[in-house]
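Some notes on the structure that comes next.
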Amino acid sequence: ATRASMDVAFVPYEQLEGVRPGDDVVQCTWGIFACHRVGTVREIIPGEIVTPDPWGELARGRFVVLHLTDNEAVQERILRVSAR
């Protein structure tokens with residue numbers, strides 16, 4: 001068990017193939033425009049998660065551990081991953 005604080009995000013299976021440790025995490029203002037880097041993906045946690053997506057539909061996927069350099073970004077509904 002750990003007592004360290006960490007930021008995790010849910011990634012649905014439909015997007016998981018494009019997510020790798022070391023990839024940039026970006027926050028966008030208008031969909032996919034006006035994006036800026038807010039951190040990186042640290043690791044993909046094994047095991048399936050079933051949870052509501054940002055629009056309230058059930059989705060299946062995995063959690064990923066993030067290293068955020070902008071702590072406010074954790075409050076965003078959607079963050080995107082950009083391969084380095």
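The values are calculated or read from the model by the stated rules, or taken from the named source; none is laboratory data. Here the structure is a predicted model, which means the values were calculated and not measured. Heads up, the Cβs are rebuilt from the backbone with ideal geometry, glycines too, and the neighbour counts pull from every protein chain shown. Remember, those area values only see protein heavy atoms, side chains included, never the ligands or the DNA or RNA. Shrake-Rupley method; radii C 1.70, N 1.55, O 1.52, S 1.80 Å.
Within segment 3-15, how many residues are out of contact with any helix residue (DSSP H, G or I) (no Cβ under 9 Å at 6 or more places or on another chain) and over 11 Å from residue 59 (Cβ atoms)?
Going through segment 3-15, the residues out of contact with any helix residue (DSSP H, G or I) (no Cβ under 9 Å at 6 or more places or on another chain) turn out to be 3-6, 8, 10-15.
Pick out the ones that are also over 11 Å from residue 59 (Cβ atoms) and you get 3-6, 8.
So the answer is 5.
Only residues that are without any contact (Cβ under 8 Å) to a residue 40 or more places away in the chain, of a type in the set (Ser, Thr, Tyr) and touching a Lys or Arg at 6+ places or on another chain (Cβ under 9 Å): list them for segment 1-29, please.
Those that are without any contact (Cβ under 8 Å) to a residue 40 or more places away in the chain, of a type in the set (Ser, Thr, Tyr) and touching a Lys or Arg at 6+ places or on another chain (Cβ under 9 Å): none in segment 1-29.
Tell me which residues, restricted to segment 24-43, are open to solvent by less than 60 Å² (accessible area, probe 1.4 Å) and either out of contact with any strand residue (DSSP E or B) (no Cβ under 8 Å at 6 or more places or on another chain) or closer than 14 Å to residue 69 by Cβ (or both).
24, 25, 26, 27, 31, 38, 39, 40, 41
Among the residues of segment 44-68, count how many are surrounded by fewer than 11 Cβ atoms within 10 Å (Cβ to Cβ) and at pLDDT 85 or above. Outline the logic, then answer.
Filtering segment 44-68 down to residues surrounded by fewer than 11 Cβ atoms within 10 Å (Cβ to Cβ) leaves 46-48, 50, 52, 54-58.
Adding the requirement that they be at pLDDT 85 or above leaves 46-48, 50, 52, 56-58.
Number satisfying all stated conditions: 8.
Those residues that are within 15 Å of residue 65 (Cβ to Cβ), at pLDDT 85 or above and either not in a strand (DSSP E or B) or not charged (D, E, K, R) (or both), I need them from segment 1-17; list them, please.
6, 8, 9, 10, 11, 16 - these are the residues of segment 1-17 that are within 15 Å of residue 65 (Cβ to Cβ), at pLDDT 85 or above and either not in a strand (DSSP E or B) or not charged (D, E, K, R) (or both).
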